[in-house]
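These notes concern the structure reproduced below.
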Amino acid sequence: MAEQTLSDSDVTAAVDPRHWRVLLRTLRATFTGPDFATGAAFVARIAEVADEANHHPDVLLRWGQVTVTTSSHDVGRLTQRDIDLARAVSAIADELGMEPAVQRSEMLEIAVDALDIPAVRPFWAAVFGYDVSSDGSEVSDPAGVGPTVWFQQMDEPRPQRNRIHFDITVPHDLAQARIRAVIEAGGHLVSDEAAPSFWIVADPEGNEVCICTWQGRSTA
């Protein structure tokens, strides 16, 4: 029997709010520390608990910063395994004095509007060296570093608007601040009809970006 998957809201309520946010069917936290050695020690401790749990997150180490992303890939959603690992990582962070940096936890996607998705998908997989998802809806970096490219079905040509746009998924509690920053930077709000799932904003020349969160989406 497959392990029970959990809703984004249930996962959000179960993990340490200082550290963790749900982003695109994953659970992510970014931590900062005083130096590279502390970050490396943090990563080593995470590796130990991950091996013990047989549940392994993606970990990105940079100078003074560690980003941890976990998901139950076998079921394609978040499960109790992810909550348990997140709690263990939070405990290690506190022990080592790693500080939360929620504002640095976000995930970028590129959305391509296409009339014939099977025709354009191989190009994007080839040009980036990406893998095609099992359902064909997206191509993604096998190294887990670059942004995913997903394909939005068009019914008819729309030459009056950009056909490629970015989706930036941010922590749900930082979305409004991001929108304010966009407007202060010269952008404008195109639509909030789908909020809080996503807001459409545009630069001064009309190029659109979606600011997304898990809220308002079906995550059962």
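When F36 is tested against (1) under 23 Å from T5 (Cβ atoms); (2) of a type in the set (A, V, I, L, M, F, W, C); (3) surrounded by fewer than 17 Cβ atoms within 10 Å (Cβ to Cβ); (4) at pLDDT 95 or above, just one condition goes unmet, and that condition is (1). A125 satisfies every condition listed in (1) over 18 Å from the mean Cα position of the chain (by Cα); (2) open to solvent by 20 Å² or more (accessible area, probe 1.4 Å) except (2). Take the conditions (1) in contact with a strand residue (DSSP E or B) (Cβ under 9 Å, 6 or more places away or on another chain); (2) within 19 Å of L108 (Cβ to Cβ); (3) surrounded by fewer than 13 Cβ atoms within 10 Å (Cβ to Cβ); (4) among the small types (G, A, S); A194 misses just one of them, which is (3). Just one of (1) open to solvent by less than 40 Å² (accessible area, probe 1.4 Å); (2) under 20 Å from L27 (Cα atoms); (3) not small (G, A, S) fails for L174. It is (1). Filtered by the rule that a residue be part of a helix (DSSP H, G or I) and surrounded by fewer than 13 Cβ atoms within 10 Å (Cβ to Cβ), segment 106-122 gives P118, A119, P122. Among the candidates G216, G146, G206, G186, the residue that is touching a residue at least 12 places away in the same chain (Cβ under 8 Å) and open to solvent by less than 30 Å² (accessible area, probe 1.4 Å) is uniquely G146.
The values are calculated or read from the model by the stated rules, or taken from the named source; none is laboratory data. Quick caveat, the model's predicted, so the values are computed rather than measured. Positions of Cβ are generated from backbone atoms using ideal geometry, with glycine treated the same way; all protein chains shown enter the neighbour counts. Please note that ligands, DNA and RNA were not included when accessible areas were found on the heavy atoms of the full protein model with its side chains. Shrake-Rupley method; radii C 1.70, N 1.55, O 1.52, S 1.80 Å.
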